[in-house]
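Enquirer: The structure that follows is given in the form of structure tokens.
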């Protein structure tokens, strides 16, 4: 069988390197890489046969798995081990979609396009690696590899306060990664795992006593949680998102936040069940705090991009809540929510970027009645906002519905906290649309015209997937439920 | 024993001695051009490096091996004064590599530099002392070998004889160095009084279980202080920054990349045996009512390591000048290396050795690059590097790679070395986990000042007046002459370093496997 994952990694590595050196043709190289990447991911999807079981695959329970020795010392067994299950597959699809949409949306980037597109591809390469890595060092490597290109994307192509934002982003997430690394190393050496592979760590760590499991879980949770971002370690997010260039914001919100959620599910919840149970109250507390505080912050924003950025905290709070429920339905909801939020927030960041290009401002009260001037852009804003507030037949609806259902099953009346918040945010989005899209024109410069083709196509791709998976969420759910997660009852 | 079979194993050392004498001879007969004298130094160190690599068992070079099989890593061979260990040979390779890179880069020094023979001659002489340190198995032999290196480096720091800052640095280094030598020898004499021998292996195996005489504690205490000066450990570090800052930058590259590691390896040699002899792992230093020497040394060295990392990093954070920042960062890196001996297991020693190996490429090359950039007319402040990354992308990316490697970002050699080192500390469990935590927190802290340089280089607009005409040609973009402004030697040295940083960062197994095997032998022989 073809080593499909390594093939995709090779595609991305070659594409990234070629993009860096392609000069003026870099956008074409980046586009070609993205197209090939998307096609390969499609093959990966088609090949995925659900839970393959412990049928002699290299890594039990994962398909497409490959394993080669990498660092081999008497006390340190590190392998290049990769593989996918349903959860990582959905995240990989998200990566491929966002990559191609970002490349097309940023088509006209003029400041050092080769470096820009190269860094965009590098970010996606790192994220893909995180989603397929089944070895602790490999995972950490890709995890950190996302950091550096994003640092440069924010710092070089960003807004007025980009230097501060880039440094803050780098330091926050790097410190969190280091705490996570301590946790991961301790996971290996205290559990007595024979190698850094997921399978051996999984087998060894689950039998640890609850107290060390709790310490390990909290260390890992801190590392993943800062990326989430969880309140009170969320303050890097608004700075980074707002100052980053549009493409950077899309990848930040769409991919980087998902790394935290994915890592928590893969390396902490699954591997340390006892520690997870002990820590559940902490997770619930932080989840509710993030949901409420994130929406309070987003309601007080005037800047469209800030609004989207802060609402990410709120949405990722719901993801954390869904994970913390420790139920199959909750995990399905968490993965669906991450996918939905990745697509929708990417779309919203693109629209806010286009609003900024077209009207020279993102101030919601200063702009009004833009629909006659820019019908296509208004449509995109509307789709994005409606998806964000959870309109049925758009991708967020099945995700949020599942999450609320799982919360009701797990926590009963507590479900009214996220539900109430959703209603308030929905009202706020409607009000924003009413002010910006309709009514008498305001703040529309003379000669303003609709978005250029590339921005339209970039957003159009995301709109298409919003509708596709909104109508047919089963495409994703069927893949997710066949994942070999602990205690998985199956569909 | 005929002369040939005696001299054979010492061929690298003899080669360096001959090289030194030849270079000074060239000075006498009037050949003083940088290129010619430098070529001798490059050739001598390069050839010696090949010999050492062959001795390490690198098959394709086996015909160059000088040490007979069976004499490496075998206890009781050689003499009471020296012993060939594969870890020692790896350190020889590291030392030779540092000198090789520095002399290669120095080929590009301005040719009006009158001191070329002195510079290269002393460089090779200092390296000779370092090679001797790596094979020492006797305390006095070790301290004398360190002295050979030290004397050469005092002169090296002040060799220009014109710059008052260099002279001040040389004087400062000389005074501190003399003090530290005195303390070391005093400690050695106390140990001789207690044990009746100065052989390192024999010292460890006297005393021990029945408690430790005060004389021994005092002896090791003085040795720690004396060697700590050499290895720039906090609180014995204050001289290092002024010296690193004041010395000609190529000399600084040698001090940071090469000669400082002598102190670290001396720690390995002197303290591993007593730590292993009363190994209680995580035991209390006051077990069974008697003072156990091993845990006391481990705790002392651990505290020194944490102090060195933390103070070095915090002070680096406060610096405004590039060289001083790199100097403080170099001090903090010595703390990481000390973790290896404080933990005292083979994995930890391997991690520390890899860190030392990595440091040659990261810090040594960083100073070489700074020297080159300074020759373009860029000032000493970090802010003077504004826009360098966008104006000279190749140089900027090379420097960025070195800094990212120092910060321990993955896919660089610096990440691998820290990863192995901290993994080893966690693997040893007990209170060593806290060394790993302290090390990791420190590397998080260090990101602040490395990222700041990246920010200055890549995100800030250059201040025009800092770039004199001719230094930066025209606009920007990768189409510009890459690293051409450095001269071939310096560009080659930096290219070697960058390739090593990335290659070992991606696939460390060949280097790491050799180092791990050497560390295991070292621990096995020392125990």
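The values are calculated or read from the model by the stated rules, or taken from the named source; none is laboratory data. It should be emphasised that the depicted structure is a prediction, and the values quoted were computed from it without experimental measurement. Cβ placement follows ideal geometry from the backbone for every residue including glycine, while neighbour counts extend to all protein chains displayed.
Enquirer: With the checklist (1) closer than 25 Å to residue A:286 by Cβ; (2) in contact with a helix residue (DSSP H, G or I) (Cβ under 6 Å, 6 or more places away or on another chain) in hand, flag the one item residue A:237 doesn't pass.
Expert: (2)
Enquirer: Provide a single number: the residues in segment A:415-456 that are farther than 29 Å from residue A:377 by Cα and without any contact (Cβ under 8 Å) to a residue 40 or more places away in the chain.
Expert: 4
Enquirer: Say whether the condition of being touching a strand residue (DSSP E or B) at 6+ places or on another chain (Cβ under 9 Å) and either touching a residue at least 40 places away in the same chain (Cβ under 8 Å) or under 27 Å from residue B:508 (Cβ atoms) (or both) is met by at least one residue in segment B:294-301. Quick ask: steps written out before the conclusion?
Expert: Initial filter on segment B:294-301 (touching a strand residue (DSSP E or B) at 6+ places or on another chain (Cβ under 9 Å)): none.
No: zero hits.
Enquirer: In this structure, is residue B:346 within 14 Å of chain A (Cβ to nearest Cβ) and either buried (at least 24 other Cβ atoms within 10 Å of the Cβ) or in contact (Cβ under 8 Å) with a residue 40 or more places away in the chain (or both)?
Expert: Values: within 14 Å of chain A (Cβ to nearest Cβ): yes; either buried (at least 24 other Cβ atoms within 10 Å of the Cβ) or in contact (Cβ under 8 Å) with a residue 40 or more places away in the chain (or both): yes.
Judged against the criteria, residue B:346 is a match.
Enquirer: Hey, another quick one. Go through (1) in contact with a helix residue (DSSP H, G or I) (Cβ under 6 Å, 6 or more places away or on another chain); (2) away from every other protein chain (no Cβ under 11 Å); (3) under 30 Å from residue A:452 (Cβ atoms) and name the single condition residue A:146 misses.
Expert: The one condition residue A:146 does not meet is (2).
Enquirer: For the subset of segment B:151-196 comprising residues that are part of a loop (DSSP other than H, G, I, E, B) and at negative phi, which member is surrounded by the fewest Cβ atoms within 10 Å (Cβ to Cβ)?
Expert: If we take residues in segment B:151-196 being part of a loop (DSSP other than H, G, I, E, B) and at negative phi, then B:162 is surrounded by the fewest Cβ atoms within 10 Å (Cβ to Cβ).
Enquirer: I'd like the residue in segment B:11-30 that is surrounded by fewer than 24 Cβ atoms within 10 Å (Cβ to Cβ), more than 13 Å from residue B:122 (Cα to Cα) and in contact (Cβ under 8 Å) with a residue 40 or more places away in the chain and, out of all such residues, is farthest from the chain's Cα centre (by Cα).
Expert: Ranking the qualifying residues of segment B:11-30, first place goes to B:26.
Enquirer: Now for a different question. When you go through (1) crowded, with 22+ Cβ neighbours inside 10 Å; (2) at the interface with chain B (Cβ under 8 Å from one of its Cβ atoms); (3) at pLDDT below 90; (4) over 21 Å from residue B:436 (Cα atoms) one by one for residue A:151, which number turns out not to apply?
Expert: Result: residue A:151 passes all but (3).
Enquirer: Looking at segment B:425-435, which of the residues that are within 19 Å of residue A:74 (Cβ to Cβ) and either crowded, with 24+ Cβ neighbours inside 10 Å or in contact with a helix residue (DSSP H, G or I) (Cβ under 6 Å, 6 or more places away or on another chain) (or both) is farthest from the other protein chains (Cβ to nearest Cβ)? It would help to see each step written out before you state the result.
Expert: Filtering segment B:425-435 down to residues within 19 Å of residue A:74 (Cβ to Cβ) leaves B:425-429, B:432.
Going one step further and asking which of them are either crowded, with 24+ Cβ neighbours inside 10 Å or in contact with a helix residue (DSSP H, G or I) (Cβ under 6 Å, 6 or more places away or on another chain) (or both), we end up with B:425-428, B:432.
Working: B:425: 9, B:426: 5, B:427: 5, B:428: 9, B:432: 11 Å.
Here the residue is B:432.
Enquirer: For residue B:415, which of the numbered conditions (1) surrounded by 22 or more Cβ atoms within 10 Å (Cβ to Cβ); (2) more than 22 Å from residue A:156 (Cα to Cα); (3) more than 10 Å from every other protein chain (Cβ to nearest Cβ) fails to hold?
Expert: Condition (3) is where residue B:415 drops out.
Enquirer: Continuing with this model, one more query. Report the residue count in segment A:110-132 for those that are outside any helix (DSSP H, G or I) and more than 12 Å from every other protein chain (Cβ to nearest Cβ). Write out each step before concluding.
Expert: Our first condition is that a residue be outside any helix (DSSP H, G or I); within segment A:110-132, this holds for A:110-112.
With more than 12 Å from every other protein chain (Cβ to nearest Cβ) added as a condition, the list becomes A:110.
Number satisfying all stated conditions: 1.
Enquirer: Residue A:176 - would you say it is touching a residue at least 40 places away in the same chain (Cβ under 8 Å) and more than 24 Å from residue A:216 (Cα to Cα)?
Expert: Numbers: touching a residue at least 40 places away in the same chain (Cβ under 8 Å): yes; more than 24 Å from residue A:216 (Cα to Cα): no.
Here the answer is no, as residue A:176 does not meet what is asked.
Enquirer: Further question: Report, by residue number, each residue of segment A:154-165 that is in contact (Cβ under 8 Å) with a residue 40 or more places away in the chain and at the interface with another protein chain (Cβ under 8 Å from one of its Cβ atoms). Please lay out each step first, then the result.
Expert: Our first condition is that a residue be in contact (Cβ under 8 Å) with a residue 40 or more places away in the chain; within segment A:154-165, this holds for A:154, A:156-162, A:164-165.
Across segment A:154-165, the qualifying residues are A:156, A:162.
Enquirer: I've got another one for you. Counting just the residues of segment B:369-404 that are closer than 25 Å to residue B:512 by Cβ and more than 12 Å from every other protein chain (Cβ to nearest Cβ), which one comes out surrounded by the fewest Cβ atoms within 10 Å (Cβ to Cβ)? Explain how you work it out, then say what you get.
Expert: Our first condition is that a residue be closer than 25 Å to residue B:512 by Cβ; within segment B:369-404, this holds for B:398, B:400-404.
With more than 12 Å from every other protein chain (Cβ to nearest Cβ) added as a condition, the list becomes B:398, B:402.
Working: B:398: 23, B:402: 28.
Only one residue tops the list, namely B:398.
Enquirer: Just to be sure before I move on: is residue B:409 in contact with a helix residue (DSSP H, G or I) (Cβ under 8 Å, 6 or more places away or on another chain) and under 30 Å from residue B:262 (Cα atoms) in the structure I sent? Steps first, please.
Expert: Values: in contact with a helix residue (DSSP H, G or I) (Cβ under 8 Å, 6 or more places away or on another chain): yes; under 30 Å from residue B:262 (Cα atoms): yes.
Yes, satisfied.
Enquirer: Now a separate question. So, in segment B:436-455, how many residues would count as being more than 8 Å from every other protein chain (Cβ to nearest Cβ) and within 20 Å of residue A:73 (Cβ to Cβ)?
Expert: 1
Enquirer: Within segment A:176-192, does at least one residue satisfy the condition of being closer than 21 Å to residue A:82 by Cβ, at pLDDT 90 or above, within 10 Å of chain B (Cβ to nearest Cβ) and within 17 Å of the chain's Cα centre (by Cα)?
Expert: no
Enquirer: Just to be sure, is residue A:90 more than 12 Å from chain B (Cβ to nearest Cβ) and more than 13 Å from the chain's Cα centre (by Cα)?
Expert: no
Enquirer: Out of B:200, B:190, B:218, B:179, which single residue is in contact with a strand residue (DSSP E or B) (Cβ under 8 Å, 6 or more places away or on another chain) and either at pLDDT 90 or above or under 21 Å from residue B:300 (Cα atoms) (or both)?
Expert: After ruling out the rest, the residue left standing is B:200.
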